[in-house]
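Below is one structure; the comments refer to it alone.
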Amino acid sequence: MKALIKTFAAAALIAVSTFAMAAEGPGSKSAKANVNLSTADFALEHYVAVTTEGESAGVEQLFAEDFNQKIQASNAQSHSRDAVIKSLKKQKGEKLNCTVTTDIIEESADYMIAKVTLKFEDFTKTDLVTLIREGNNWKVTSSVNSYK
C-alpha cells in the first residue's frame, strides 16, 4: 500500500511540474550562457542548480550529446537529452521544496559518479549522475532516478 501511495505521489509531482511548465508558455526562451564546467565539482554543482533551483543558463552546455535519463519506477521511463533540456528550460525559476545532499561515489581524472538525494516531505528521489570530461569541460552523460 505504501508503494502505491509513493507511486501516486511521484506521479502527482510529475503532473504538477508538467502543468507548471505548460503555464509558462513558449515565449520564455533563456539566453545561451557559458557556464564554468572546468571541473567535475563545478559541473555537478550546476547540475543540482539546474534540476532543483530552476537555473536555466548553460543547460545545453551541461549535458553530453548522448545523455540519457532513466526513471526506475513501476513503469520505467527513459528520456532523451532533448526532452530533458526542454523540460528543464520550462522549469526556469522553479525551486523545488526539498533538501539536497550530494555524495561522490567514484571519481577519477576523466569521470565521476555522484549520488544526488532530494528529500521531500513525503518521499525521497535518488539520482545517480555520471559525468565525464570532454576536452576542457565536464558533461553529464546519464542520470538514473529512483523514488522511495
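Here are some notes:
- Residue within region 30-39 that is in a loop (DSSP other than H, G, I, E, B), closer than 30 Å to Glu134 by Cα and modelled with pLDDT of 90 or more present: yes
- Every residue from region 99-128 that is touching a helix residue (DSSP H, G or I) at 6+ places or on another chain (Cβ under 7 Å) and not acidic (Asp, Glu): Val100, Thr102, Met112, Ala114, Val116, Leu118, Phe123
- Each residue in region 56-109 was checked for being in a strand (DSSP E or B) and either on the phi > 0 side of the Ramachandran plot or charged (D, E, K, R) (or both), and 6 pass.
- Residue that is touching a residue at least 60 places away in the same chain (Cβ under 8 Å) and surrounded by fewer than 17 Cβ atoms within 10 Å (Cβ to Cβ), where the choices are Asn75, Asn97, Asn136, Asn145: Asn136
The values are calculated or read from the model by the stated rules, or taken from the named source; none is laboratory data. Fair warning: this is a prediction, and the values are worked out from it, not measured in the lab. Every residue, glycine as well, gets a Cβ built from its backbone with ideal geometry; the counts of neighbours run over all protein chains shown.
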